[in-house]
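The next block holds one structure in the form of structure tokens; read it before the comments.
The values are calculated or read from the model by the stated rules, or taken from the named source; none is laboratory data. Quantities reported herein were computed from a predicted structural model and do not represent experimental measurements. Please note: Cβ atoms are built from the backbone with ideal geometry, for glycine as well, and neighbour counts cover all protein chains shown. Accessible surface areas use protein heavy atoms only, side chains included; no ligands, DNA or RNA. Shrake-Rupley method; radii C 1.70, N 1.55, O 1.52, S 1.80 Å.
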Amino acid sequence: MTGVAVTLRGLTKRFGNAAALDDLHLAIAAGEFVALLGPSGSGKTTLLRVLAGLEFAETGTIEIGGRSMHDVPARKRRIGFVFQHYALFRHMTVARNVAFGLEVMPRRDRPQPAAIRARAQELLEFMEIGGLADRYPDQISGGQRQRVALARALAIEPTLLLLDEPFGALDAKVRKNLRIWLRGLHDRMGLTSLFVTHDQAEALEMADRVAVLRAGRIEQVDTPDRLYAEPANAFVHEFLGESIRFDGAVSDGAVRFPLLPGVMLPTRCAAGPAVALLRPHEIGLRPGGGPAVVESVHAFGPLCRVRLRLADRVIEVLLPEGTSPPAPGAACGLDLSAARIYPESPRAGS
């Protein structure tokens, strides 16, 4: 089984007046594991369904392995699709569920019954659940059902594997174990995989690259490290991880903040409203007076979390190891020199 490259150009899909996909572009390399991350309604599942041929875009093109998918029906795309709630047939055994995709192939392409049974058992063994072949879905655990769903998707030897929130119904411990196992499976089988999740940690841990979607468009696609360290815009920064926001205005090449008199940061942003964003560990504290007042200090491990009151806001800052924390009640200034400055716009908010 060998993965294929996928190219999406200008995909637009509307439901009524709402654009589920809005001129979406994405290229996935053969063998790559890409995660789709974004808020509810951002178009993640619609994108998978359009790729699989279960929905159709009004405009745009899809190429899989260099071949246009225009007019190629779902059953001929050789795509494996794993749904969040497994979609297993309760009246069929585990082995029959895995074999289903092979059994419904056109007669000229369908393997012999003995070959189908052997293929199903081979996949179950590969999934480390070979002993469950004769059980029914309601006789096995959620994690085991998810492995059955994966085996069924892989039985047709897909060129592309699509996974829509495959661990959403599982508890945290099972999720963690299965996502490590799934990434290993992807690598061993040489798959090309596209994975939808709401779990940021899951996406950042598993994927080669992560695409962040909003309102049917991709805001940024990058490696997990670069996505976190170099967000393309305010939405990506605030969506990924913990962010602290300071609203300001740009004039004469600098941004100034109403809550922080005297603080100004150089920027290339055009004049007008702007926002400065930082991670909690990026804010420095300047003792000796200032607009922020320390409410509490909590040390845990090598880090120290300081809770500050700034006018009507509460801000929590993480101090690095070796930094002496201020005492509760102390007034201090804030060092925002590590901030990323973005122009404020209708697309900047979450």
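Under 15 Å from a label point 7 Å along Cα→Cβ of Arg90: give me every residue in the stretch 104-139 with its amide N that close.
136-139
Using only helices, what value at 222 nm comes out for the chain when you add -39,500 (n - 2.57) per DSSP H run of length 4 or more and divide by the total residues, to the nearest 500 deg cm²/dmol?
About -7000 deg cm²/dmol.
Please give the helix 94-103 orientation as an angle from the longest Cα principal axis of the chain, in degrees from 0 to 90, rounded to the nearest 10.
70 degrees
Using a cut-off of 22 Å between alpha-carbon atoms, which lysines can reach Lys13, once sequence neighbours fewer than 8 places away in the same chain are excluded?
Filter leaves Lys44, Lys76.
For the stretch 236-350, what does the alpha-carbon gyration tensor say about shape, rounded, prolate or oblate, given a ≥ b ≥ c as the root eigenvalues, a/c under 1.5 as rounded, and a/b over b/c as prolate?
Here the stretch 236-350 falls in the prolate category.
Taking the Cβ-Cβ separation of Glu230 and Leu303 as r and a Förster radius of 25 Å, what is the calculated FRET efficiency to the nearest 0.05?
0.60
So how strong a dipole does the stretch 263-350 carry about its Cα centre when Lys and Arg Cβ are +1 and Asp and Glu Cβ are -1, to the nearest 20 debye?
160 debye
For the stretch 39-65 and the stretch 216-242, compute the distance between their C-alpha centroids and round to whole Å.
Each part reduced to its Cα centre gives a spacing of 21 Å.
Select from Leu185, Met206, Ile140 the residue farthest towards the positive end of the dipole of the stretch 114-211; place +1 on Cβ of Lys and Arg, -1 on Cβ of Asp and Glu, and compute about the Cα centre.
It is Ile140, whose Cα lies furthest towards the positive end.
Just the number, please: percent antiparallel of the DSSP beta bridges in the chain, rounded to the nearest 5.
For the chain, the DSSP antiparallel bridge percentage is about 75.
Just add up the charged neighbours of Pro273: K/R +1, D/E -1, any other residue whose Cβ is under 9 Å from the Cβ of Pro273.
Local charge sum for Pro273: -2.
Excluding ligands, DNA and RNA, what is the solvent-accessible area per residue of the chain at a probe of 1.4 Å, expressed in Å²?
Working: 16650 Å² over 350 residues.
Counting only protein heavy atoms, the per-residue value for the chain is 48 Å².
So, with +1 on the Cβ of K and R and -1 on the Cβ of D and E, and no other charges, what is the size of the charge dipole of the chain about its Cα centre, to the nearest 20 debye? Provide the component values of the computation, followed by the final result.
Working: 42 positive and 38 negative charges, 212 e Å.
Dipole size: approximately 1020 debye.
Measure off, as a whole percent, the carbon and sulfur share of the 1.4 Å-probe accessible area of the chain, all protein chains present. Show your work: numbers first, answer last.
On the way: 8770 of 16650 Å².
Summing carbon and sulfur atoms, their accessible area is 53 percent of the total for the chain.
Lys76 versus Phe126, label points 7 Å from Cα toward the beta carbon: distance in nm?
In this crude spin-label approximation the distance works out to 2.5 nm.
About its Cα centre, what dipole magnitude does the stretch 217-282 give when the only charges are +1 on Lys and Arg Cβ and -1 on Asp and Glu Cβ, stated in debye to the nearest 20?
160 debye
For the stretch 2-11, in order, what is each residue's ³J(HN,Hα) by Karplus, 6.51 cos²θ - 1.76 cosθ + 1.60 with θ = phi - 60°, in whole Hz (x at glycine and Pro)?
10, x, 10, 6, 10, 10, 10, 10, x, 6
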